[in-house]
Structure formats: structure tokens, C-alpha cells
Amino acid sequence: MPVVEVDPDELRELTGRRIDDDDLLEDLFGLGIEYEGETDDGEFKLEFEPDRLDWLSVEGLARALQYHYGEARGIHVPSTNDPEWTIEVQDTPPERPYVTGAVVRGLDLDPETLDSLIQLQEKLHATMGRSRSKGAIGVHDLTMLKGAPAPAAGTGDSDTPGRGDGTARGGRGKSVTYTSMDPDDERFVPLEGNEEMSPREVTERHHIGGEYADLVAEMERYPAIYDDIGLFSFPPVVNGRRTAVSESSRDLLVEMTGTDQWTVDRMLNIVCYALSARGGRVERVTVQYTDDAPGEHAGRRFDRPDLETKGKRITHDRIESVLGREFDRETVLDCLERSGLEGTHETGEDGTDSYEVEIPPYRVDVLHPIDVVDDIGRAYGFNDLQPRYPDVSTVGGRHERSRLEDAVRETLVGLGFEDLLNFYMTSQQEVFERMNLDPTDDAVGAGRPVRIKEPFSAEYTILRPWALPSVLQVLENNTHRSYPQHLAEVGLVAVCDESENTGVAEYRTVAGALAEPGVSYEDARARLQALVRAFDSTLETPPTDHPSFIDGRSASVVIDGASVGVVGELHPAVLVEHDLELPVVAFEFRLDALRGPQ
Amino acid sequence: MAEELSVRDLMGTFTEFYRQFGITDLEFKPTYNPYTEPSFELFGRHPETDELIEIGNSGLFRPEMLEPLGVDCDVMAWGLALERLHMLATGAEDIRDVHGTLVDLEYLRTEEVTY
């Protein structure tokens, strides 16, 4: 979940309320925001959930608190001025066909505002933007741009919303063009760079460019935005240095490109609200797709940002049944207003009480009326609701599998084993190399393991195909503790198996090891015999070869006629690998073998 | 699952569940899950370190989850952390002593079994 660094003093200032740190954190907790500690500079590290992306900046958070305290109420939609600028869209790379944008004027970008804007951009990239692949933001100093004369309005349908109607016409407006470029035939100075480079060089040599090179690697022609002077942005990789935003910038062009129009439009709304909270005046931008532009908007014209509100209808009954108590109408309306929504009460012909609720354009999370009920609950304060034990009676029971597992554990403890609970994730090294086993061997524990695609740690890269290696690791980590060490585990293992619906076979396994001076095969065999007999099953142990065990001192575990595991004296190479200086005998077999004849 | 379940029932279930382990200061933080709404993370305070620790996640299944399954009831859902519950209930500070391959056999052999 995104963690945002917020200066508490700045938050207090924007919220307009003196509130001490403890109360502030408690109020934030009630809204669903978790305090994760402080930075060295005394900023709060706050963890957000990915639904309220409009809270990812100090401005958004201040807005949430103002609503919470009732100092702001209802829907706020910033007014927008008529567009002067147009983004022409033509010959874009088909992989990245969509663009949106806005102009924001009259900003005073002090260092805090600039930091907050940069952080909001980063967090939106990380969440809605899917690391810039679905949507990427570029912010430019408008005064550094030279607009080309905008052509006359396009021939396509206008999707201009009802707020204002003065779309730019030829002669008056200015335009930039979102298009594509040859990776080698263009040159520009990228942000934080000091020499001209070709776009391909940027992806190879520039520190930001290299990080996002993968996003354009498959493209024949790269995304590009030009003004009358030339190339100024190479989305989604890096902006040009010419239009870089600084503390002296007052007017900004915000553009966003991506693979989904809805996503970039919503990201734009969130940025526009944040800049508007900083005193910026939002000016719409016309987005004109040419008739042959790739994607589904060819020939269409939009005015952005689209700050239209949406509506949801929710019944009074539903609110009461979800929150579990009665509410009067005024409380519901008050809670809606303190969530930044606006409700109108209506009584239907059948006497049903309901509310028509207006949703502001920065809310990307409201899909269903139930989401409105959640807002009402947060505004009312979930922790102010009285918990009650549900008036539902059912009879519970253990799953057959759990009963079997528990019975096996209990029997093993009775036989003198200490019960373990190990992780299901481990590494190739642990389950194969260190066990003297090859994944291609025809032996218990071998097989193609389930791999973690992007492992967090080199120690946890696969699901374990057998459990004995985990038990051996415990022995390895406890050589300073007293012996004998008789350890056992009943747990899950998994291996790739094409015949399974999921491509993975998962099953429960029983693994045990006896580490003790003078211990031999017979000690393991005897305990195994006792365990199997307790489940009314028969055990046979024909000799077998297994690379983890000593030849001639190992056997297959055959329960009720089925070969389900292995038992034996561990190979000296395995013992040395685990720093064990005494003999270890061990076994592992499938738990379901103990179910007995069905 | 029942005809009518509310967030109060959900809160009551966990208040009672954790009370059985001596945890009586449960707090509910509204959160987001794609499949439940409203959703809550459950927090309890560690008896030794005084840290507020998340010990579970829960919610009421969204209508979009239930309709395709033909379930015309309210359904509560949750996932609770076993090791964190253990830490809050016993004051254990390093869960690696209790399970996983770094487990300390001496700890397992001497620690009082409470449940």
C-alpha cells in the first residue's frame, strides 16, 4: 500500500485547525489511514489504502479532514476556465493511444507545494498508473511552451461537458501535438540531463530513462509530444529539460498519456483538485483525436478535465441494515456531506425512503451504492458503533482433513516427537542441492517446484516440494540445544503437475527426523510402524535408493500397498551440509495414505 | 452467512473472539479490499512493546461477489494472523522463536502451553 510522507504542520495549516499529533493520528486512523512512523525530518509516514487515491497528497488529506470536522461540506467542484490550448492527437504509437490534459494557472510553487506535487505524481504512477504503464503524468512550465496555432475545431462529435462552452477555435488557440517519433532521428535534452540525446540514447544512458525503458522497448516508434519549437516530452519515460517545472513556475500544463482514457482522465482530476487546493485556476484543454488516430476515440474531441459528478441511489433500509442501527434522515444527510458527497432524500411511491447521492469527480472508488454506505460509516465513526454478537446459531465442526492432521500430530507427539510449523516457501538450494537431490530424480521430494515470479527474498523463491528439508534446517539451527532431537511436521507441499486443473498438485505430508547418537534405520522404522498401526493401516518397507539417504539403509514407505514415501538414514553429505555431527534417520510420506482403505 | 448481518455483528464477533484470548482493546480501522465493503483491519496492542499491531482483516462481502453465486444473504469474511494473535496473547516478541526454520527448540520445550 502506498506510504506518503506528510508534514503535520503543513497538514494542520491546510486543514485550518490546531490539533495535536495524537488527536490528528486518531482522526486519520478513523478515516482508514495508518501511521507508520516518522521520517528524520519529522514528517509523518502515512499508509494509504488504494481506494482513496485522492488522499495521496497533503492537499487531499487536508480536504478529507476538513470534511471530517464538518468545516467543508458537500460537493466541491472547482470552476474551470474555457480552453485556450489543444492537444492534437495523431500518429500515436498504437500501444499508447490516449492522452488527456489541463492547464493550471496562477500557482505559487513554494518548496512544499512543489514537493507535494512531485510526491502525488509518484504515488499516482505507482497506483492507478501501474508504474506508468497504464497512465503517466507530465507536468510542464506553460510559459516555456510555444503553442502552434490551433487548427479549426475537428469534425468529430464533441463530448464537451455542460460547464462552459467556449471551445478554442482556429486563430485564437494554441496547440501541442501528441504523436510518435523515430527512436534515433530526434534529439532533445531530457530532464536532469545536460546534453542532447536521441530517445533511444535516453532509454540506454539517462538515469530516469533507463528505469522506464521497458515501457517502450517493444514499440517501433516512441510516444512524443511536440510544441511549435520541437519535442518537449517523451512519455511515459521522461520530460524534456526545456519545460521543467521550478519554484518560479506559475502556469502549468499537465498532460497524461496512457493505455486507458478513463484512467488518465481520473488521474488528471486528482491532480487538478490538488493544484486547485493550492490556489491554482484550472483551465480546460481540448483533446482532439484525428480521424485516423489509433484507439477507440478516433475523430473525437474532448474537453478536459471532465469534472462531471456521478449519481448513486441508496435506500435508507440498506444503510441501516449494513451499519446495524437506526439513523434519522438528518444524520444520513450530514454524514454524506461530511464525506464530500451530497444527498437528496426521496420518498418513493411505495413509501421507500432513499437518497440520490452525488459523487465528485475525484472519487475513483465508488462503484456500487454499498461504497456510499461505507462513507456514511466512516463519517459517523465505525468505532462509535456498538459491537454486538450476531444472533445466528450454527453448529461448527472440524474438516475431515483437520481431524486427520490433528490425530497424526497427536500420535507423533505421543511417540516422542516435537511438533513443528515451518514455512511453505523456501529456496531451490534448500530442497535440492543441500539435500543431495536433483529435481529430475525419480525420488520423493523431486519434481518441478512452483516458482515465485518476483520473489522478495532469495531465501523464499519456491513452494517446497517436500518438508524434510525444513525439518533438517531446524536441526541445523539448533545444534547448540540438547539431544536427542526428535522433530516432526505435518504440513503442505506443492509441485507442478500438468494433470491438475491449476497446474499444481498440493498435498499434506508427514515428515519426521530423529537426531541422536547411535540412532539407526530401525529407530525410524519402529516409530513409523507404530504410527501406521494407530491408523489401522499396514506398513511395508521394501529397499529403495534415494540420493538424500545412504544406499542400503533406506526404504520406500508402502502403506496399504501404495508407495507413498521414503524412510532411512540420511546421507553423510547431507549431514555435513547441515553441520550435523551425529546420525539422523528420517521419513516423509503423504498424509492421505493414513486414511485407510476407503 | 445469515439473512441480515451488519458491521456491528462483524465487530461483535471479533470482540468476542479476541476476548477469549484476553485481548480486550480491539480497534477497527476502515480499509479497502476489492471483495468486501465495508472492510476493517483489526488492531490490538502488544502487551510488552505497546505497539498497535494489525492482527486481521475482515469485511462484508460485496453484492457483486454474492450475486453471481446466487447467495441472497449477508456474508462476513475474515482472515486472521495466527502468529500475531500469539504475540498479543503471550507477549512473545520474536515470532521466529515459535515457528519457521529458525525456531528455538529450547523455547518450545520450556515455554508454558496456554491453549
Which listed residue is among the polar types (S, T, N, Q) and within 14 Å of another protein chain (Cβ to nearest Cβ), from B:THR90, B:THR114, B:THR110: B:THR110
Selection from segment B:26-55 of residues that are within 26 Å of A:ASP371 (Cα to Cα) and among the polar types (S, T, N, Q): B:THR31, B:ASN33, B:THR36, B:SER39
Positions within segment A:429-470 being surrounded by fewer than 20 Cβ atoms within 10 Å (Cβ to Cβ), in a loop (DSSP other than H, G, I, E, B) and within 14 Å of chain B (Cβ to nearest Cβ), in sequence order: A:GLU459
Residue check for A:ASP328: of a type in the set (Asp, Glu) and surrounded by 21 or more Cβ atoms within 10 Å (Cβ to Cβ): no
Residue, surrounded by the most Cβ atoms within 10 Å (Cβ to Cβ), within segment A:411-428, restricted to residues that are in contact (Cβ under 8 Å) with a residue 40 or more places away in the chain and hydroxyl-bearing (Ser, Thr, Tyr): A:THR426
Filter pass, A:VAL510 being touching a strand residue (DSSP E or B) at 6+ places or on another chain (Cβ under 8 Å) and either within 14 Å of chain B (Cβ to nearest Cβ) or outside any strand (DSSP E or B) (or both): no
Single unsatisfied condition, B:GLY12 versus (1) more than 10 Å from every other protein chain (Cβ to nearest Cβ); (2) over 20 Å from A:TYR35 (Cβ atoms); (3) not in a strand (DSSP E or B): (1)
Unique residue being assigned to a loop (DSSP other than H, G, I, E, B) and among the charged types (D, E, K, R) when the list is A:ASP551, A:ASP536: A:ASP536
Condition check for B:GLU41: under 16 Å from B:LEU80 (Cβ atoms), part of a strand (DSSP E or B) and of a type in the set (Asp, Glu): yes
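Sort through A:LEU56, A:LEU61 and tell me the only one that's crowded, with 24+ Cβ neighbours inside 10 Å, under 30 Å from A:GLY377 (Cα atoms), within 14 Å of chain B (Cβ to nearest Cβ) and modelled with pLDDT under 95.
A:LEU56
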Hits in segment B:43-73 - residues which are acidic (Asp, Glu) and either surrounded by 14 or more Cβ atoms within 10 Å (Cβ to Cβ) or within 11 Å of chain A (Cβ to nearest Cβ) (or both): B:GLU51, B:GLU54, B:GLU64, B:GLU67
Output for segment A:334-347, where each listed residue is surrounded by fewer than 19 Cβ atoms within 10 Å (Cβ to Cβ) and out of contact with any helix residue (DSSP H, G or I) (no Cβ under 6 Å at 6 or more places or on another chain): A:ASP334, A:GLU337, A:THR344, A:GLU346, A:THR347
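Go through segment A:348-368 and count every residue that is within 11 Å of another protein chain (Cβ to nearest Cβ) and either of a type in the set (D, E, K, R) or crowded, with 18+ Cβ neighbours inside 10 Å (or both). Walk me through how you get there before you give the answer.
Looking only at segment A:348-368, we keep the residues that are within 11 Å of another protein chain (Cβ to nearest Cβ), and these are A:365-368.
Next, only the ones that are either of a type in the set (D, E, K, R) or crowded, with 18+ Cβ neighbours inside 10 Å (or both) stay: A:365-366.
Of the residues in that region, 2 qualify.
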Hey, A:SER321 away from chain B (no Cβ under 14 Å) and either assigned to a helix (DSSP H, G or I) or touching a strand residue (DSSP E or B) at 6+ places or on another chain (Cβ under 9 Å) (or both) or not: no
A:GLU330, sole failed condition from (1) free of Cβ contacts under 8 Å to residues at least 12 places away in the same chain; (2) touching a Leu at 6+ places or on another chain (Cβ under 9 Å); (3) away from chain B (no Cβ under 14 Å): (2)
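Can you tell me which residue within segment A:28-44, out of those that are over 18 Å from the mean Cα position of the chain (by Cα) and part of a strand (DSSP E or B), is surrounded by the fewest Cβ atoms within 10 Å (Cβ to Cβ)?
A:GLY37
Hey, any hits in segment A:264-275 for a residue that's closer than 30 Å to A:ARG52 by Cα and part of a loop (DSSP other than H, G, I, E, B)?
Checking segment A:264-275: not a single residue is closer than 30 Å to A:ARG52 by Cα and part of a loop (DSSP other than H, G, I, E, B).
Any residue at all in segment B:74-82 that is farther than 30 Å from A:HIS480 by Cα, surrounded by 19 or more Cβ atoms within 10 Å (Cβ to Cβ) and more than 10 Å from chain A (Cβ to nearest Cβ)?
no
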Where a residue in segment A:475-495 is within 13 Å of chain B (Cβ to nearest Cβ) and in contact (Cβ under 8 Å) with a residue 12 or more places away in the chain and its partner, wherever it lies, is of a type in the set (Asp, Glu) and assigned to a loop (DSSP other than H, G, I, E, B), with Cβ under 8 Å and at least six apart: A:GLU476/A:ASP579; A:THR479/A:ASP579; A:THR479/A:GLU581; A:TYR483/A:GLU516; A:PRO484/A:GLU516; A:GLN485/A:GLU516; A:HIS486/A:GLU516
Cross-chain or 6+ apart pairs with Cβ under 7 Å, segment B:26-42 first and more than 8 Å from chain A (Cβ to nearest Cβ) and within 20 Å of B:MET65 (Cβ to Cβ), then assigned to a strand (DSSP E or B) and hydrophobic (A, V, I, L, M, F, W, C): B:TYR35/B:PHE61; B:THR36/B:LEU60; B:THR36/B:PHE61; B:THR36/B:ALA77
Candidate set: segment A:376-428, residues that are touching a Pro at 6+ places or on another chain (Cβ under 8 Å) and more than 30 Å from B:GLU106 (Cβ to Cβ); chosen: the one farthest from the other protein chains (Cβ to nearest Cβ): A:GLN428
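The values are calculated or read from the model by the stated rules, or taken from the named source; none is laboratory data. What you see is a predicted model; the values in this text were computed from it and never measured. With ideal geometry, Cβ positions are generated from the backbone for all residues, glycine too; neighbour counts draw on all protein chains shown.
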